[in-house]
Structures are given as structure tokens and as C-alpha cells.
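Let me begin by presenting the structure, written as C-alpha cells, before commenting on it.
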Amino acid sequence: MLSYEEDGAVELRRQLGLFTGIFVIVADMIGTGIFMTTGNVLGMTKSALLVLVLWGIGGLVATAGALCYAELATIWPEAGGEYVYLKNIFGPLPAFLTGWISLVVGFSAPVAVSSQLLVQYVNRFLHGISGASPSATLLDPPGIQKLFAACLIAFFGSLHMIGVKKGSSLQNLLTAIKILLVVSLICFGLSRVDWSMTGRLVARYESPSVAPHLDIPQTGLALLIIMYAYSGWNCTSYLAGEIQQPGKNLPRALLLGTLLTTILYALLNILFLISTEGAEIMGKDEVGAIAVSHLFGPGVGGIVTLGIAVILLSSVSAQMMVGPRVSYAMAKDKMIFRSLARVHRRFETPHVAILAQMVLAIFYVLSGSALVLVIYLGFALSLFPLLAVAGLLYIRHARPEVKGSFRVPCGPLVSLVYIVFTIAMMLAALVTWTKTSCCAIVVVLMGIPVFLVWERIARKGHRSGEEVSS
């Protein structure tokens, strides 16, 4: 049975269960971040113990954020995530800014990056199975790689357009395979690791002439980089309008999905750091491949490469599923083109919003600008979840009558953990990556005149409609 709004338009229907909610979080969080972040962070901190501590703090921050979003999601169980929360707490301008950033780059650029990385990993696998000969593969030319990446985006976009159930079923299958691959790597890896090397977990790799010290801005920046691997802990909130029994399932999905990913990350990092001498992975992106070659020999590297490609496949699907719900929510409020709020009468999906994200992602693939956008707007994408969690503290005191079916335990402490660590990471980024952080701030501020122009156009359109009806 379809659901309709007052004007006869079709609404999204609640048809996604708890496992889909959990799997979407795991799918969005586990990507290339865990396989490439540890080496870079070790190169920045020079301490294996500090790397493990920072990964633990990252899990704590992500879990705190997930708990806060669980409460917000039960207060306003609608599709759109922090767009909905900021609209109800602070008004239309902050909501527009987060929705605008999400629509323009927040989801479409990561989709473009993931799809291109996936094709590169597949190409590396093809080279591996072709033997030592330098013969080229079909995916060697950059133009062909971009074409395949664009086709991949089009495939998942089309799949999520033709049905929520079809898209979520494939998403669940891909995520189950992803979890199986990661758990298999952990289990087989820990069974082969040399446990006499556990001292590597607390080793330092600084020059003997350099006294150990804690560089606060550099450590904060390292944590921000780790949080990139944790990004996605809030993605089920974007699907809140389609989750069955949201008061019960949304908190469970947000918490369980984040905790499961945190546990997997902790075990993977222990495996990486024990199996490999720290000096060999410091500053390296391919930490997973290096660790696996030590554990199983170089011949298994090709299998791991293909496995990472499958992991990215799940990430592309999850981002294509989640992102359009933000523009759908904005369009329902007439804060962006109304057509983006259309729901297909047969497929029951926001097909126009999905198509818009698909077109943007393909554009970023073909233009080659996706990675630049992700780097420059990482600071901005941390800002709006921070405002949403701060907003939760605000409404608890200013509007105590506004309550959901879930309440974050330990009162404001959990919210403050998220707020304090996020502000510290953003300040570290501002000090260390000043240019990129300032560019992100400028892009957010540019959304203000866009909002004012759109609001004026919307008011004119509303008055014109009233005149026609009268």
C-alpha cells in the first residue's frame, strides 16, 4: 500500500528492517580507510601504541555520535538525517547549508572516488593474474577506467531507483560478503601471526636523538584522518523515513552498526601492527597488502586486492542508497527543486533524487575533481554533525517537552564527548591544514547567498500560485 501526501504525491514507505539499517552503516564505514590509514597515522605519530589509542578514541567518538543521532532519529524519524534535525532545532538556514553541501559533494564525490578506486583495484588484480609479463589489460587506459567507473555508478543508481527492496537486498548481500572477507582476514591472520612480536604494539619509531614528545596539532590531525575511516556511523539516520518501527530499530541499527565496525577495526589494526615492522608501513597507503604479504606470502596479495574491490562495491551501493534521501527531504520542504521529492508510484523510490546524485557522481568521475572535493570539504562535513549533536543538548534544556522513545544514557556526557573531540579535531585541521580548512569554510558560507536567492524565488513562486488559485 502506497502512502500519499495531502497533495496526492507519493511518499516513501517504511519497508527496511533492522538488519538493513545495520548493514548500511557497516557498508558505508568499512572502505579503503581501514586499509590505508594506519600507515599514514603511524608516520605522523611515530608510536604504535598511540595509533591504537587514537583508533580507540575514534570508535568512542563515533559511538557517542551514533547514540546522539539515535535519540534525534526517534524524535524526528524522517528521511534526511541532520538536515531534518537542524531544520527543527535551528531553522532553515543551517538545514539548507548541510543539505546543499551533501547534495553538491557530500555523497556524490565519495561515490565517484570509491568507484574509481574500485576499478583501479580490479585493474591491479588483472595485472596480477596475467603473470610477470607487462602486457596491458583492458582497464589500463585512464579513459576506460573512468568509463567503467561511470557505468558502475549508473548500475547502482538504476538498481536503487527500481525498488527499495531490490536495492536493499543486494546491499545486504554485498555487506555480508564484506563482513565475511574482513572476519576471514582477521581469523586467518591472527592464526598465522607471530605472537612473540606483540612488542610491536607499543613500539616507538623516532630517532634515538629525538626525545619522545606529543605534538598536539599533529595528533589531532591524525585522529581526524582516522575519523575518515569511521565516517558513515550516522548514515542509517538518512533512511529514517523508510525504517520499520523507527523508535526501536533506529537506535539499535546506529549503535550495533558502529560497535561492530569499531571491533573489526581494532582487530585489523592489531593484526597489521603485529605482523609487520612499523618502519615498513610508516607513511604507506597499502598497509593491508603489506601485512597480508607478510602473513600469507605475496601470492595472496591478488586475492586481497580483489577483496578490497568487493568492499568498495558495497560502499558505492550504500552511498547511492543513502545520499538521495537528503535532497528528497529538502525538496519536500521546498528548499530545493520540488521534482527531487518525487517518489515513483511503482518502485516507491525517490528516483529523481537518485538520478541527480548519479549524474553528479558521473560528472565528478569524468572531470577528475572528486578527490579534490573530498579533501577540501572534509572540514565542512564535520561541522554539521557537530551542530546536530550540540542541538540535542540545546533542545534538552530549551524544549524539554520534545522527546523521543530513546534517551542517550549518562545525560549530556556522551554528547560532550562527541562535541569536545570533534572541535579539537577541527581546530587541529585548521592549524595544520589551514588552506584546505579555510576553503571548506568559504564553500559553506557561499551557501548563504544561495539560500537567500532560493528563498526569494520560492516566495515569489508561492505568491504566484496563490494569485493563480484565486
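The values are calculated or read from the model by the stated rules, or taken from the named source; none is laboratory data. For clarity, every value in this text was computed on a predicted model and none was experimentally measured. All Cβ positions, even for glycine, are placed from backbone atoms using ideal geometry, and neighbour counts span all protein chains on display.
For Cys235, the conditions (1) closer than 18 Å to Val61 by Cα; (2) surrounded by fewer than 18 Cβ atoms within 10 Å (Cβ to Cβ) are fulfilled apart from (2).
Among residues belonging to segment 330-352 that are of a type in the set (Gly, Ala, Ser) and either out of contact with any helix residue (DSSP H, G or I) (no Cβ under 6 Å at 6 or more places or on another chain) or modelled with pLDDT of 80 or more (or both), point out the one that is farthest from Glu82 (Cα to Cα). Write out each step before concluding.
Initial filter on segment 330-352 (of a type in the set (Gly, Ala, Ser)): 331, 339, 341.
Still in the running and either out of contact with any helix residue (DSSP H, G or I) (no Cβ under 6 Å at 6 or more places or on another chain) or modelled with pLDDT of 80 or more (or both): 331, 339.
Working: Ala331: 15, Ser339: 21 Å.
Filtering segment 330-352 for residues that are of a type in the set (Gly, Ala, Ser) and either out of contact with any helix residue (DSSP H, G or I) (no Cβ under 6 Å at 6 or more places or on another chain) or modelled with pLDDT of 80 or more (or both), the one farthest from Glu82 (Cα to Cα) comes out as Ser339.
Consider segment 388-422 and keep the residues that are among the polar types (S, T, N, Q) and at pLDDT 90 or above. The one that is nearest to Gly220 (Cα to Cα) is Thr422.
Conditions (1) over 30 Å from Gly39 (Cβ atoms); (2) in a helix (DSSP H, G or I); (3) touching a strand residue (DSSP E or B) at 6+ places or on another chain (Cβ under 6 Å); (4) touching a residue at least 60 places away in the same chain (Cβ under 8 Å), marked per residue:
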{"residue": "Leu267", "(1), (2), (3), (4)": "no, yes, no, yes"}
{"residue": "Phe272", "(1), (2), (3), (4)": "no, yes, no, yes"}
{"residue": "Ala291", "(1), (2), (3), (4)": "no, yes, no, yes"}
{"residue": "Gly299", "(1), (2), (3), (4)": "no, yes, no, no"}
{"residue": "Val310", "(1), (2), (3), (4)": "no, yes, no, yes"}
{"residue": "Arg325", "(1), (2), (3), (4)": "yes, yes, no, yes"}
{"residue": "Ile336", "(1), (2), (3), (4)": "yes, no, no, yes"}
{"residue": "His344", "(1), (2), (3), (4)": "yes, no, no, yes"}
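With respect to Asn123, is the statement that it is of a type in the set (S, T, N, Q), at pLDDT 85 or above and more than 19 Å from the chain's Cα centre (by Cα) true? Considered against the rule, which asks whether it is of a type in the set (S, T, N, Q), at pLDDT 85 or above and more than 19 Å from the chain's Cα centre (by Cα), Asn123 comes out as no. Against the condition crowded, with 20+ Cβ neighbours inside 10 Å, part of a helix (DSSP H, G or I), modelled with pLDDT of 85 or more and among the small types (Gly, Ala, Ser), how does Ala361 come out, does it pass? Yes; evaluated as a whole, the condition is true for this residue. Which members of segment 421-437 meet the condition of being in contact (Cβ under 8 Å) with a residue 40 or more places away in the chain and either in contact with a strand residue (DSSP E or B) (Cβ under 7 Å, 6 or more places away or on another chain) or of a type in the set (S, T, N, Q) (or both)? Those that are in contact (Cβ under 8 Å) with a residue 40 or more places away in the chain and either in contact with a strand residue (DSSP E or B) (Cβ under 7 Å, 6 or more places away or on another chain) or of a type in the set (S, T, N, Q) (or both): Thr422, Thr432, Thr436, Ser437. When restricted to residues that are polar (S, T, N, Q) and at pLDDT 75 or above, segment 1-55 contains 6. Summed over segment 423-460, residues that are β-branched (Val, Ile, Thr), over 24 Å from Pro217 (Cβ atoms) and either at pLDDT 85 or above or in contact with a Ser or Thr (Cβ under 6 Å, 6 or more places away or on another chain) (or both) total 3.
What do you reckon, is Leu86 within 22 Å of Gly283 (Cα to Cα), among the aliphatic types (A, V, I, L, M) and assigned to a helix (DSSP H, G or I)? Quick ask: steps written out before the conclusion?
On the way: within 22 Å of Gly283 (Cα to Cα): no; among the aliphatic types (A, V, I, L, M): yes; assigned to a helix (DSSP H, G or I): yes.
Criteria not met by Leu86.
Looking only at segment 370-386, decide whether some residue is touching a Lys or Arg at 6+ places or on another chain (Cβ under 8 Å), of a type in the set (S, T, N, Q) and either at pLDDT below 85 or surrounded by 14 or more Cβ atoms within 10 Å (Cβ to Cβ) (or both). Give the derivation first.
In the first step, residues of segment 370-386 are kept if they are touching a Lys or Arg at 6+ places or on another chain (Cβ under 8 Å); the result is none.
No - not one qualifying residue is present in segment 370-386.
In segment 45-67 there is no residue matching the filter, namely being over 25 Å from Leu224 (Cβ atoms), among the aliphatic types (A, V, I, L, M), under 19 Å from the mean Cα position of the chain (by Cα) and surrounded by 21 or more Cβ atoms within 10 Å (Cβ to Cβ).
Might you check whether a residue that is among the polar types (S, T, N, Q), assigned to a loop (DSSP other than H, G, I, E, B) and either over 18 Å from Val182 (Cβ atoms) or at pLDDT 85 or above (or both) occurs anywhere in segment 252-260?
Narrowing segment 252-260 to residues among the polar types (S, T, N, Q): 258.
Among the residues that remain, those that are also assigned to a loop (DSSP other than H, G, I, E, B) are: none.
Scanning segment 252-260, I find no residue that is among the polar types (S, T, N, Q), assigned to a loop (DSSP other than H, G, I, E, B) and either over 18 Å from Val182 (Cβ atoms) or at pLDDT 85 or above (or both), so the answer is no.
Could you list all residues from segment 409-420 that are of a type in the set (A, V, I, L, M, F, W, C) and crowded, with 21+ Cβ neighbours inside 10 Å?
Taking segment 409-420 as the starting set, the residues that turn out to be of a type in the set (A, V, I, L, M, F, W, C) are 410, 413-414, 416-417, 419-420.
If the condition is that a residue be of a type in the set (A, V, I, L, M, F, W, C) and crowded, with 21+ Cβ neighbours inside 10 Å, then Val414, Ile419 are the ones that fit.
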